[in-house]
Every structure is written in structure tokens, then in C-alpha cells.
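Q: First the structure, then my questions, so here it is.
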Amino acid sequence: MLALSRWKIILVLGSLIFGILFSLPNLLPDSVLAQWPGFLPHQRLNLGLDLQGGSSLLYEVDTAALTQERLNDLSAEATQELHDAQVTFHGLASTGGAVTLTIDNKAQIDTAASGLAKVGGTTTSGREVLVAHDDAGNFRLTMTPTAVQQETRNAVLQSIEIIRRRIDLLGTKEPDIRQQGTDRIAIEAPGESDPQKLKDVVGQTAKLTFQLVDESAPATDASTVVPPDDVVLPYQETIGGGAPRFITVKRRVAVDGGMLTHAQMGFNPQTNEPVVEFRLNGAGARRFGDITTQNVGHPFAIILDNKVISAPNIQSPILGGQGEITGNFTTDSATQLSLLLNSGALPAPLKVIQQNTVGADLGADAVRAGVIGLAIGAGLIFGFIILAYGLFGVFAAMALIVNLFMMFGALSMTQATLTLPGIAGLILTMAVAVDANVLIYERMRDEANSGRPAMAAADHGYQRAMSSIFDANVTTMISALIMFSFGVGPVKGFAWTLSIGVLTSVFSAILVTQLLIGWWFRVTRAKTLPIA
């Protein structure tokens, strides 16, 4: 095993060069790295929230609002099905966790039941909606618990992706966005020192719709009675600070925000006021063109999160799939709305459960403490191994240095996020690497004491220690994989660092020291081991 094979030399030198090249960008200032040749690595380690400061938020999906929104959709579906079946009804409402209505003609109960059975979709365990009625024609549509759970699960997964796009548009590097439990989302944004800015961007649902106004049913307040296929909505802002204003719009959505392909802040050429310019996809452009062609002279409401931004009259057909949203915008609010529309609408409102901010100074102190801790740990490990094993301890220390370069190189190449627990993982892997050398050297000592020649004792020491080293590191790797799979945040960072460290430490403890000891034997022709 101590033979100086060419492949061993190439592998060790290549690993050392890899570690140095990929670790070096972390030590260079930005100005120098900008002039770094393009063929050389530029990746750096990303510092976690605890090391560079930033904001963390814990959100909870508003399942009540999510369920209510789905019930409103079911109410619209029920209305359509009954209209298609020519069944008359009254008292349509979607409150109390159910859609309720009453059939006018009892002779149509069976027809209504058949039509309402088509409302909703299916889940893995069956129908999404349960339909019940009595002999008086009172119908009640409720969502099954399984359907509610499925809606919540889907809302969380969709929200995570949308939040990620929104934060990316802010320019925040490597945000950590993950699910907690069944209905919560944890967000860590390193470098983002303004949690309010983060909340403003993340928390707004930004569900945009275009709906026709029902001019025949003017609304004076939120409790105004309107036809079943209408809904009363408030204006987003009251002009001049007067009394709240309300407007009646059709429940049916003419065009929704999902058809937007792009939105940006602009200025109205006549008034020079900030507006949000938008562009629709092909299907949205056709639908927008049809709606505006058929309703020239009538108001068309632009609705954001169930509040009317504006309801301008359609002056002429809009056929190009492009338009603008006007309102009482400032430059900042128009820019933020365009950002939200570009990233997509959240499927449900989010409630802030917890908010934390880590200052940049505190993060710098954590970095300083981590570096000091790493230096002290490395110094103690180097001191122990050299005092215990002399020259071979020096070889082990050199292997540890190679191990450190390889670990930092691998972490930089994968652009991992380094946290304080991650630094603890680095120190732990150094101890694991020394543990492997201790096993090897003690086996060498036993073999030499049993009468084997120095070269044979060293060779057998590696061979006999391999099974123990393998078992110990496989156990550590399994633990790291479990922590990475089920852990969150710092635990996952610790597990990732530990996993890389296990691989590099085994390589350095075995192959690097083998090469150095083999070279030593070739140069000195030693007859005894310095550790015997």
C-alpha cells in the first residue's frame, strides 16, 4: 500500500490543486476577483444568516382564506351548473365552511342534485366536494378534509416557488426557503437587513384579475344585496380620504393574472403618472380583445387581492394584448406591483408568525468567533497528533491541511451556505480525520511491537485499520444523510459540511499520509518506525 504509484501522486496533487484553486476566491477582494481569468474558478462560499446578518420570517398559510376562496369558486361552478340545467334557486351563500342554496321548485331537486354532483374535482381518495340536501330543497356543498389538506399542501409548495422568485428579484443571494410542518414556510434572507421590505414583497398575495362591472346593481356598502353571480368589492384606496367606496362586479373572471407574460413600471404619456404596463400571452390577448370589443363604453374593473384598483370605461377594443394598470401609484408602489405580478400570485394569504433580524455587526462577530474557533481547534489537533506521533504526526498534520483545502474547495464549488453549525462541522471532520490516523498509527505500533520490519509494519497498519475506518465513516455519513434529509436550516448546513468532510478526511488521512510515509521510507531506508 505504501508504493509510490503514479496514479496516487497525480490524484493527491490534483486534489491539492483543486482545493487551492476553488478556495482562493474566498480570500481575494472583489476587485482582484473581477480581474481573475475566466477559466479559473470564481465561486465563493455563501455566508448564512448567522454569519453575515439578514432577516428571517416564519409564515403560516391562511387555510381559512384558502378554503373560503375555493368555496367561492365552487359557488360560481354551482351557479353555472344550475343555470345549464335550467334550475332556479335563491339564497346562494358561501359562508360557514360550505356553499348553501335553496331550490325554488321542489320538483327540480333531483335535477339540481345531478348538476351539483359535477361541481368540484377529485382527490386521490375520491370526490373533493360532498353534496347534501333535504326534502325542502336546501342544498349544502362542503369540501372533504382530504381536499382541504391537499389544497393546503399544494398552496405551500406553490408559495415556496413564488416566494423564491420574488426574493430573487430583490437581488438577495441564496435565500433559504423551506417548508415547516404542514402549513408553514420559513424564510432566511442573508444580507437583507430590512425585514419590512421583505414582508412587503413576500406577503402580498398579488392575485390580479379583470372583471366586468355590473352597472345594474350599484353598491353602497359591503352588505349591499346583489345577484348571485355578482360580488361587492371595495376600492383599494379612497380618493381624497372620503368614505369607503364599493363596486359590484361579475364573479366570473374575464382575464386573470396567470395570463400575464410581463409587467413593468411606466408613465402615462398624458398625465406622466406612474402606471404598471402589462403584456398578455396569446390566450389572454384573445380573451382581452373579445371582452373589450363586446363591452365598449362599459367599465372594466382591475382587481388586486379582492380590491378594485380602478374601473375605467372601455374606450375602444384593446386587441394587442398590451395595456396598463392605472391607480394612485407612486414610482415605488408601481415598481413593487410589477415585481409581484412578474413573480406570480400566491395561492393563499400568508400570516407572519415570527420575525427575526441579525445585524451585520453581529454576523461579523460570528465570523470572527468561527474563525478563531476553527484556528484553536486546528491548533489543538495539530499539537496533539505531532506530540503523540512525532514525524508521522507532522505527516498527518500536512494531510489535514490538504483536507481543509479540499473541504473549502468542494464547498465553494457547490456554493454551499456556510453557517456557524457548518463551521462546527468543519472542526468535527478534522477530528474525524485525525481519528483515522490514530487508528492507522496504533496498528503500525502494534505490528512493529510484534516483530515485523518497519516497512511491513507500516503497510500492515494501513491494511488492518481500513475496516475500522470504513465502519466509523460509513456510520458518520449515514447520520449526516439523515440530518440532511430531515433537518432544516443550520442542521442541513451542518450535515452538508459533515458529508463533504467525511469524504475528504478519509482521502487525506489514508492516501496523503500513505504517499508521504512511502516517500519517507524511500528517502531514509529506515529500519525502525519513529512511533514504535
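The values are calculated or read from the model by the stated rules, or taken from the named source; none is laboratory data. Note that the coordinates shown come from a computational prediction; the quantities given were computed from them, not determined experimentally. Using ideal geometry, Cβ is built from the backbone for each residue, glycine included, and neighbour counts are taken over all protein chains shown. In case anyone asks, the SASA skips ligands and DNA or RNA and just uses the protein heavy atoms, side chains included. Shrake-Rupley method; radii C 1.70, N 1.55, O 1.52, S 1.80 Å.
Q: Which one of ALA117, GLY370, GLN463 is farthest out on the positive end of the charge dipole of the chain, using unit charges on Cβ (Lys, Arg +1; Asp, Glu -1) and the Cα centre as origin?
A: Selected residue: GLN463.
Q: Quickly estimate the mean residue ellipticity at 222 nm for the chain, helices only: each DSSP H run with n ≥ 4 gives -39500 (n - 2.57), and the total goes over all residues, rounded to 500. Write out the running numbers ahead of the final one.
A: Details: 14 runs with 265 residues, N = 532.
Theoretical 222 nm ellipticity from helices: -17000 deg cm²/dmol.
Q: Please sort through the DSSP H helices of the chain and keep those with an alpha-carbon extent of at least 15 Å along the long axis and a Kyte-Doolittle average not below 0.0. It would help to have the intermediate numbers written out before the result.
A: On the way: long enough: 6-23 (25 Å, 1.74); 63-84 (31 Å, -0.74); 145-170 (37 Å, -0.19); 282-294 (18 Å, -0.59); 331-343 (18 Å, 0.21); 360-413 (44 Å, 1.81); 420-449 (44 Å, 0.66); 454-486 (47 Å, 0.67); 490-507 (26 Å, 1.22); 513-524 (16 Å, 0.62).
Span-like helices here: 6-23, 331-343, 360-413, 420-449, 454-486, 490-507, 513-524.
Q: For labels at THR111 and PHE484 in the simple 7 Å Cα→Cβ model, what's the distance in nm?
A: Reported label-point gap for THR111 and PHE484 is 6.4 nm.
Q: Continuing with this model, one more query. Share of the chain's accessible area from carbon and sulfur, percent, 1.4 Å? Let's see the in-between values first.
A: Details: 14960 of 25840 Å².
Carbon and sulfur atoms account for 58 percent of the accessible area of the chain.
Q: To continue, here is another question. For the stretch 63-143, would you read off the P(r) tail past 15 Å as a percentage of all alpha carbon pairs?
A: Working: 1668 of 3240 pairs.
That tail contains 51 percent of the Cα-Cα pairs.
Q: Per residue, how much accessible area does the chain show when a 1.4 Å probe rolls over the protein heavy atoms, in square angstrom?
A: Heavy-atom SASA per residue in the chain reads 49 Å².
Q: Trypsin sites (Lys or Arg not before Pro), restricted to the stretch 453-526: which are DSSP loop and have at most 15 other Cβ atoms within 10 Å? Don't skip to the end; give the middle numbers.
A: Working: sites: ARG464, LYS492, ARG522, ARG525; in loops: ARG525.
When the trypsin sites (Lys or Arg not before Pro) of the stretch 453-526 are filtered for loop state and at most 15 Cβ neighbours within 10 Å, ARG525 remain.
Q: With N residues in the stretch 287-381, what two-decimal value do you get for its Cα radius of gyration over 2.2 N^0.38 Å?
A: On the way: Rg = 25.7 Å, N = 95, 2.2 N^0.38 = 12.4 Å.
Its radius of gyration relative to the 2.2 N^0.38 Å reference: 2.07.
Q: Could you tell me what fraction of 2.2 N^0.38 Å the Cα radius of gyration of the chain comes to, as a two-decimal ratio? Don't skip to the answer; put the middle values down first.
A: Working: Rg = 33.5 Å, N = 532, 2.2 N^0.38 = 23.9 Å.
In units of the 2.2 N^0.38 Å rule of thumb, it is 1.40.
Q: Would you mind checking which residues have amide H under 5 Å from VAL308's amide H? H placed 1.01 Å from N; only 5 or more apart, or other chain.
A: Hits under the 5 Å cutoff: TYR235, GLN236.
Q: Now for a separate question. Please report how far the C-alpha centroid of the stretch 461-500 lies from that of the stretch 331-353, rounded to the nearest whole angstrom.
A: Answer, in whole Å: 41.
Q: How much length would be gained if the chain were fully extended between GLN196 and VAL523, taking 0.36 nm per residue of separation minus their Cα-Cα distance, in nm to one decimal?
A: Details: separation 327, 0.36 × 327 = 117.72 nm, distance 6.61 nm.
That works out to 111.1 nm of additional length.
Q: Where Rh denotes the Kirkwood radius from the mean inverse Cα pair distance, what is Rg over Rh for the stretch 329-380? Don't jump to the answer; show the numbers that get you there.
A: On the way: Rg = 20.8 Å, Rh = 15.6 Å.
Rg/Rh: 1.34.
Q: Report, to one decimal in Å, the Kirkwood hydrodynamic radius for the stretch 407-532 based on all distinct Cα pairs.
A: Values: mean 1/r = 0.0634 Å⁻¹.
Kirkwood hydrodynamic radius for the stretch 407-532: 15.8 Å.
Q: If you place +1 on the Cβ of every Lys and Arg and -1 on the Cβ of every Asp and Glu, how big does the dipole about the Cα centre of the chain come out, in debye to the nearest 20? Don't skip to the end; give the middle numbers.
A: On the way: 36 positive and 45 negative charges, 519 e Å.
Dipole magnitude for the chain comes out near 2500 debye.
Q: So what are the stretch 207-331's ellipsoid semi-axes, whole angstrom, largest first, if each one is the square root of 5 times an eigenvalue of the alpha-carbon gyration tensor?
A: On the way: eigenvalues 105, 71, 32 Å².
Calculated on Cα positions only, the semi-axes equal 23, 19, 13 Å.
Q: Considering the options ALA155, ASN138, ALA189, tell which one lies farthest towards the positive end of the dipole of the stretch 134-285, charges being +1 on Lys and Arg and -1 on Asp and Glu at the Cβ, about the Cα centre.
A: ALA189
Q: Give me the percent relative contact order of the chain, please, defined on Cα pairs under 8 angstrom at least 6 residues apart.
A: Numbers: 934 pairs, mean separation 101.9, N = 532.
Contact order relative to length: 19 percent.
Q: Taking Cα centroids, how far is the stretch 1-65 from the stretch 244-305 in Å?
A: Their Cα centres are 46 Å away from one another.
Q: Rounded to the nearest 20 debye, what is the charge dipole size of the stretch 207-331 about its Cα centre when +1 sits on each Lys and Arg Cβ and -1 on each Asp and Glu Cβ?
A: Numbers: 9 positive and 12 negative charges, 54 e Å.
Roughly 260 debye for the stretch 207-331.
Q: Dipole of the stretch 63-143, Cα-centred, from +1 at each Lys and Arg C-beta and -1 at each Asp and Glu C-beta, to the nearest 20 debye? Don't skip to the answer; put the middle values down first.
A: On the way: 5 positive and 10 negative charges, 29 e Å.
Dipole size: approximately 140 debye.
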